[in-house]
1. Looking at region 79-98, is at least one residue among the polar types (S, T, N, Q) and not assigned by TED's automatic domain parsing to the domain that holds LYS177?
2. Is it fair to say ASN37 is out of contact with any Cys (no Cβ under 7 Å at 6 or more places or on another chain), part of a helix (DSSP H, G or I), touching a residue at least 40 places away in the same chain (Cβ under 8 Å) and open to solvent by 20 Å² or more (accessible area, probe 1.4 Å)?
3. Just to be sure, is LYS145 open to solvent by 40 Å² or more (accessible area, probe 1.4 Å), more than 11 Å from the ligand (Cβ to nearest atom) and among the basic types (Lys, Arg)?
4. Could you list, in sequence order, all residues of region 84-104 that are within 11 Å of the ligand (Cβ to nearest atom) and outside any strand (DSSP E or B)?
5. Restrict the check to region 40-53 and report whether at least one residue is on the phi > 0 side of the Ramachandran plot, part of a loop (DSSP other than H, G, I, E, B) and more than 14 Å from the ligand (Cβ to nearest atom).
6. Starting from residues that are over 19 Å from the mean Cα position of the chain (by Cα) and touching a residue at least 12 places away in the same chain (Cβ under 8 Å), keep the ones in region 117-133 and report whichever is surrounded by the most Cβ atoms within 10 Å (Cβ to Cβ).
7. I want to confirm something. Restricting to region 165-188 and keeping residues that are away from the ligand (no atom under 15 Å from the Cβ) and touching a residue at least 12 places away in the same chain (Cβ under 8 Å), which single residue is surrounded by the most Cβ atoms within 10 Å (Cβ to Cβ)?
8. For region 132-143, which residues satisfy the criterion of being closer than 18 Å to GLU85 by Cα and not acidic (Asp, Glu)?
Amino acid sequence: MKKGKKLYEGKAKIIYATTDKNLVIQYFKDDATAFNNQKKSIIEGKGVLNNRISEYILSNLSQIGIKNHLIKRLNMREQVIKLVEIIPIEFIVRNVATGSITKRLGIEDGTVLKEPLIEYCLKNDALGDPLISEEHIYAFEWANKNEIEKVKKMILRINDFMIGMFRGIGIKLIDFKLEFGRVKNNGKNEIILADEISPDTCRLWDSLTDKKLDKDRFRKDLGDLIPAYTEVAKRLGILHEQSNVTAVNVTKLSSVKKKSK
Ligand code: 5GP
């Protein structure tokens, strides 16, 4: 498959055309951004780790029947994915209150929620991805009721699966962001999971110490982002336990075999 022209460049990824009109190549950059692009940095090796971690999670979700855009990982930084018409909504799933919800509603940080809470944000950087209600989605036809019902069922299944997967490796899944897109399947629109699932899009805390193993290390200037993402990858069995991954050598790992689970 040949890589074609650049179709879109986002904050953390680039999308390239391929010779197949239904497939594109997703390239994971090392760029880190936060607070609506006000804070920016390049963290060498981040893209490589997110590519691996997202591939692992999406492949596992596929096995439990969650259809998603991943076809296959091509190399250390690229995946072939299905071209989807992205629904312009960020679906935020919260199991524990932290981050924006604590500031917005004055909820105590770390409050465990009785049920997973789904929030909707409009995907619009210029507006700072504002929180919206389900009614807004229907009023402005960003998605229809049938689509949102399907998405909600998928979200709860994804959340259940991911909570269990992370619990098994000593990590609490605090919250995360998902995106969904439309593809044509035999002439009919189908909703599938899109984008990435990685420590860039999830909050992951060590079960014993509450140490942050996610992008909050960058947002809050905690440092050691690459060791934290590497720790997640190692615990998932993607990287060998003994591999001493640092910001520099992670980009040089040419073939890291998947450890049998
Ligand atoms: P919060 O609303 O507390 O800032 O974020 C909730 C969860 O969604 C966090 O896990 C956060 O990483 C994720 N999230 C929300 N918006 C974005 C975004 O624009 N980009 C990324 N990568 N993650 C987001």
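The values are calculated or read from the model by the stated rules, or taken from the named source; none is laboratory data. Since this is a predicted model, take the numbers as computed values, not measurements. In this analysis, Cβ positions are derived from the backbone assuming ideal geometry, glycine residues included, and neighbour counts consider all displayed protein chains. Heads up: the accessible areas ignore ligands, DNA and RNA and are worked out on the full protein's heavy atoms, side chains in. Shrake-Rupley method; radii C 1.70, N 1.55, O 1.52, S 1.80 Å.
1. So far as region 79-98 goes, yes, one or more of its residues are among the polar types (S, T, N, Q) and not assigned by TED's automatic domain parsing to the domain that holds LYS177.
2. No.
3. Here the answer is yes, as LYS145 does meet what is asked.
4. Answer for region 84-104, where residues must be within 11 Å of the ligand (Cβ to nearest atom) and outside any strand (DSSP E or B): THR98, GLY99, SER100, ILE101, THR102, LYS103, ARG104.
5. The answer is yes; a qualifying residue exists.
6. Filtering first and then ranking leaves ILE132.
7. Here the residue is GLY181.
8. ILE137, TYR138, PHE140, TRP142, ALA143
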